[in-house]
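Before any comments, here is the structure.
What follows draws every value from the coordinates through simple rules; no lab data is involved. All values derive from a computational prediction rather than experimental measurement. Cβ sites come from the backbone with ideal geometry, for glycine too, and all protein chains shown count toward neighbours.
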Number of protein chains: 2
Amino acid sequence: MDKEKRTEIGTLGEFGLIDQINKQVQLKQASSLKGIGDDAAVLGPSDKLRVVTTDMLLEGVHFDLSYTPLKHLGFKAIAVNVSDVAAMNAIPTQVTVSLGLSNRFSVEAVEELYEGINLAANHYNLDLVGGDTTSSRAGLIIAVTAIGEVGEEEISYRSGARQNDIVCATGDLGGAFVGLQVLEREKQVFLSDPKMQPQLDKYPYITGRQLRPDARMDIIHELRELKVVPTSMMDISDGLASELFHICKASGVGVAIYEDKLPIDKQTYDTALEFNLDPITCVLNGGEDYELLFTINQKDFKLLEKHPDIHFIGHVTAAGDGKVLVTKSGSAVPLKAQGWQHF
Amino acid sequence: MDKEKRTEIGTLGEFGLIDQINKQVQLKQASSLKGIGDDAAVLGPSDKLRVVTTDMLLEGVHFDLSYTPLKHLGFKAIAVNVSDVAAMNAIPTQVTVSLGLSNRFSVEAVEELYEGINLAANHYNLDLVGGDTTSSRAGLIIAVTAIGEVGEEEISYRSGARQNDIVCATGDLGGAFVGLQVLEREKQVFLSDPKMQPQLDKYPYITGRQLRPDARMDIIHELRELKVVPTSMMDISDGLASELFHICKASGVGVAIYEDKLPIDKQTYDTALEFNLDPITCVLNGGEDYELLFTINQKDFKLLEKHPDIHFIGHVTAAGDGKVLVTKSGSAVPLKAQGWQHF
């Protein structure tokens, strides 16, 4: 993007802007019969189930543009919705994107945002088929709806976990939360002395986890190849503990997870200590990791046992046994779901 | 709603609020396999086409809460999306609703908004299957996605209008725009002297058109019974002239419409004059009527001829003949698309 160039949105108008965006879109999915340009997008018939999920990102609540590049933000807005599609064990096919833009945003800024959106659309092999663009009096608003497909025998609900199932988590946890602490600290340093340059080079992994999360479609495709259907699944967006509570409630079960099995990256661990945060609390209650939490029947364990990025963190118990964390010293303490409460 | 009661959203938390809303929802559509409560909603397989549309309403841009009852607003947020589904000649089946709420809103206010949303869901026989609720720093944000179904032989795109087709418009036009002028004037009167009571009783029809529009699903069902498939269709949300431009562009045709055929309600006409507005300009360029504009093959004219609420306003011409309004005096003047530009 040419940083020097600034075209006011008003010069193109709403329709001009949509036309501009429209030009960049090429439909890839056979089921996308009509994308942007009519009153609604049109999807072909399907003998599979379709899943639908929606998420809204608001400036000042979900992101801070002082340290969030617009391209990353566009990618993230799609990724967090794809993560919900993945959590149903489904494959994403289409998205719609609605934008509220204040006059602070130029055409070039909108194009940068769409660069990230289109990058994500290609990465996840889905089509941008519609949306709505409007002016906003209050910063940037991004509302995305994602649609995906899944066979009736393959879908994973939150409610399918059964006693003795194995609890699995992908990737590592807590990084996005600790990365956010770094970004917020560097912002404060910059605000108090604008001559200070933010020091983010020391924390590339965790700041990347916060700014540009990747939905775990790779895992979904691998599970499908191995013919493993999780008995239950969620994405980890509000924090591991909170998600475990959701699965236990929906499935009518309890859970035991083991502190020494929880996956944490070294940079997350070290930086948490630097911030005087308990690394395990960051793993349990940090949000926005967008990893997958799922349960499998024990018969499927052999198929996943050697997977480098799936961790077996515990097992499903009877509802009466509660939800416990077994510490390294071997004592069982009740799990607390703190999650992310926006209110 | 008990006006005295005010429960802060914080006391319930995000999940408490969603649970509260969830309790009121009963799924009616056979294709809604799973609604609110998992990572995504789940729709059953379908041998029909599915249409998807999304629209975002922002406080201060699309609505003014000083004269918009929350219940009406909830209804309208659904209706404007259903109108886009109708414009494809499709039947709506599901919606998702994402809300951004500032702490100015109480649980009771959110419930009132959902009363309108649920009323619309029942009125249009569709299911609320998902959404996202978050805090907002800047007023109320409502993002709705609607899904509908239509057979392959029944769908109407903007691009199907052919020379000699008849141009049809439903209901009457301009009312929502003139109603908005009344609401804005009464607001100014109230702001300058709060002892003055707003005088809206004189204008019940047009203020209703603005505050509580109804998508024309009745027309879609009637067309289906008569086996009339419009060659092209749009909903009239930005203004008749602007929508005619869209259809002409997408279909590669021109159009001639007749001033004396344009449908206008007496209250719209009289009030426009009261505001020194040209009634015909209000009909052509006033927005938010949410009526349907469509074209039919001449062979279908006999089937619709006697319909009390479908007006035959002109005919499709060759692209080279341009887009013209034939005035009462018989002269052809070029149509101008002013539409509603949010930027």
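Of the cross-linked pairs A:187/A:328; B:28/B:306; B:28/B:227; B:227/B:266; A:34/B:249; B:187/B:266, those separated by over 28 Å at the C-alpha level are A:187/A:328; B:28/B:306; B:227/B:266. Placing +1 on each Lys and Arg Cβ and -1 on each Asp and Glu Cβ, with no other charges, gives region B:9-150 a dipole about its Cα centre of roughly 160 debye. Set against the 2.2 N^0.38 Å expectation for a compact globular protein, region A:122-247 has a Cα radius of gyration ratio of 1.40. Compute the acute angle (0 to 90°) between the alpha-carbon long axis of helix B:107-123 and the principal axis of greatest extent of the alpha-carbon atoms of chain B; round to the nearest 10°. The two axes meet at around 40 degrees.
Loop sites here are GluC sites (Glu not before Pro) outside DSSP states H, G, I, E and B with no more than 10 other Cβ atoms within 10 Å. The longest part of chain B free of them is B:154-304.
Near residue B:313, the amide H atoms lying under 5 Å from its own belong to B:167, B:168, B:169; only residues 5 or more places off or on other chains count, and H is placed 1.01 Å from N. Inter-copy label distances for residue B:273: 8.4 nm (label point placed 7 Å from Cα along Cα→Cβ; shortest first). Counting, for every residue in A:145-153, the Cβ atoms of other protein chains within 10 Å of its Cβ and taking the mean gives 3.
Cα convex hull, region B:72-148: 75 Å³ per residue, rounded to a whole number. Along chain B, the longest continuous region that contains none of the trypsin sites (Lys or Arg not before Pro) in a DSSP loop with at most 15 other C-beta atoms within 10 Å is B:228-305. Distance from the alpha carbon centroid of region A:220-266 to that of region A:63-126 works out to 25 angstrom.
For residue B:131, the residues whose modelled amide H falls within less than 5 Å of its own, excluding neighbours fewer than 5 places apart on the same chain, are A:54, B:97.
Between 0 and 90 degrees, the angle of helix B:240-251 with respect to the longest Cα principal axis of chain B falls at about 70 degrees.
For region A:151-207, the share of alpha carbon pairs falling in successive 10 Å distance bins from zero is 18, 28, 18, 17, 14, 5 percent.
Counting every alpha-carbon pair across region A:158-334, the share separated by more than 20 Å comes to 54%. Length available on full extension from residue B:153 to residue B:30: 0.36 nm per residue minus the Cα-Cα distance, which gives 42.1 nm.
Shielding value for B:127-140 is 5, the average number of Cβ atoms from other chains within 10 Å of each residue's Cβ. When the helices of the protein assembly as shown are scored as -39500 (n - 2.57) per DSSP H run of n ≥ 4 and the total is divided over every residue, the value at 222 nm lands at -10500 deg cm²/dmol.
Using the Cβ atoms and a cut-off under 14 Å, what net charge is assigned to the surroundings of residue B:278, where Lys and Arg are +1 and Asp and Glu are -1?
-1
Remark on region B:202-276: ratio of C-alpha radius of gyration to 2.2 N^0.38 Å is 1.36.
Relative to the longest principal axis of the Cα atoms of chain A, helix A:70-86 runs at roughly 40 degrees. Extending 7 Å from Cα along the Cβ direction at residue A:274 and again at residue A:23 yields two label points whose distance is 4.4 nm.
Calculate the FRET efficiency for residue A:328 and residue A:195 from the Cβ-Cβ distance with a Förster distance of 45 Å, rounded to the nearest 0.05. E(calc), rounded to 0.05, equals 0.50. Starting from the Cα of residue A:336, move 7 Å in the Cα-to-Cβ direction to define the label point; list residues of region A:273-304 whose amide nitrogen is under 20 Å from there. Inside the label zone: A:273, A:275-288.
Here the Kirkwood formula puts the hydrodynamic radius of region A:263-302 at 12.0 Å, using every distinct Cα pair.
Taking every residue in B:29-38, how many Cβ atoms of other protein chains lie within 10 Å of its Cβ, on average? Don't skip to the end; give the middle numbers.
On the way: counts 0, 0, 2, 0, 6, 8, 0, 0, 6, 15.
Per residue, the average neighbour count from other chains is 4.
How about region A:93-180: which chymotrypsin sites (Phe, Trp or Tyr not before Pro) there are in a DSSP loop, with at most 10 other Cβ atoms within 10 Å of their Cβ? Answer in residue order: no site qualifies. Divide the volume of the convex hull around the Cα atoms of region B:1-127 by the residue count and you get 118 Å³ per residue.
The magnitude of the dipole of the protein assembly as shown, with charges of +1 and -1 set on the Cβ of Lys/Arg and Asp/Glu and taken from the Cα centre, is near 20 debye.
Computed from the mean reciprocal separation of all distinct C-alpha pairs, what Kirkwood hydrodynamic radius does chain A have, in Å? Mind showing how you got there, number by number?
Details: mean 1/r = 0.0469 Å⁻¹.
Radius from the Kirkwood sum: 21.3 Å.
Overall size of the protein assembly as shown from C-alpha positions, given as principal axis extents largest first: 93, 56, 55 Å. Here the dipole of chain A is about 400 debye; that uses its Cα centre as origin and unit charges on the Cβ of Lys and Arg (positive) and Asp and Glu (negative). Close amide H pairs (under 5 Å, H built 1.01 Å from N) link residue B:287 with B:177, residues at least 5 positions away or on another chain.
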